[in-house]
1. Relative contact order for region 6-106 using alpha-carbon pairs under 8 Å, separation at least 6, rounded to a whole percent?
2. For a paramagnetic label modelled at 7 Å from the Cα of S17 toward its Cβ, which residues of region 58-86 fall within the zone defined by backbone nitrogen distances under 19 Å?
3. Translational diffusion coefficient of the chain at 4 °C, 1.567 mPa s, Stokes-Einstein with Kirkwood Rh over Cα pairs, in µm²/s as a whole number.
4. Have a look at T87, T57, T100 and tell me which one the Gaussian network model of the chain (Cα, springs below 10 Å) gives the largest fluctuation.
5. Could you sort the peptides 5-16, 45-56 by per-residue average Cβ neighbour count (10 Å cutoff), highest mean leading?
6. Helix-only mean residue ellipticity at 222 nm, the chain, DSSP H runs n ≥ 4 weighted -39,500 (n - 2.57), per residue, nearest 500. What is it?
Amino acid sequence: MQNHQPTEIRRLPQSLSIEWKDGLRSEIPYRILREKCPCARCSAIKQENDPFRVLPTAEYWNNLHLVGIKPVGRYAVQLQWSDGHKTGIYTFSFLYELSTDTYQDASSNNATTK
């Protein structure tokens, strides 16, 4: 059985809102979700230390949005992005970890997790 279960997942204009079974409510910005994509391709790119890799522009991040969420069993969701990327499977444990990391990182910068 999964340790962390969402009771509700909603798309907001700039973030994914999740209400968790333990009462935690979180909003994870799309940029964080896309940057932390757990798929094999994104993981390999992150491990490369290519100094010539082109980084996304501010315009890219401003235009990025979530176009779909598909459940994967009872343990994850697959997020589909406006840039065409759709291979990342985000387990509920991973999303919960991002939720609590967002809370801790943002606690001094107007937290997005409640």
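What follows draws every value from the coordinates through simple rules; no lab data is involved. Predicted model only: the values in this text are computed from it and were never measured. Glycine also receives a Cβ, built like all others from the backbone with ideal geometry; neighbour counts cover every protein chain displayed.
1. Taking the mean separation of contacting Cα pairs over the length of region 6-106, I get 20 percent.
2. The answer is 65-70, whose backbone nitrogens lie closer than 19 Å to the label point.
3. Numbers: Rh = 14.9 Å.
Answer from the Stokes-Einstein relation: 87 µm²/s.
4. T57
5. Numbers: 5-16: 14.4, 45-56: 7.6.
So the peptides 5-16, 45-56, ranked by packing, come out 5-16, 45-56.
6. Numbers: 4 runs with 35 residues, N = 114.
Estimated from H runs of four or more residues: -8500 deg cm²/dmol.
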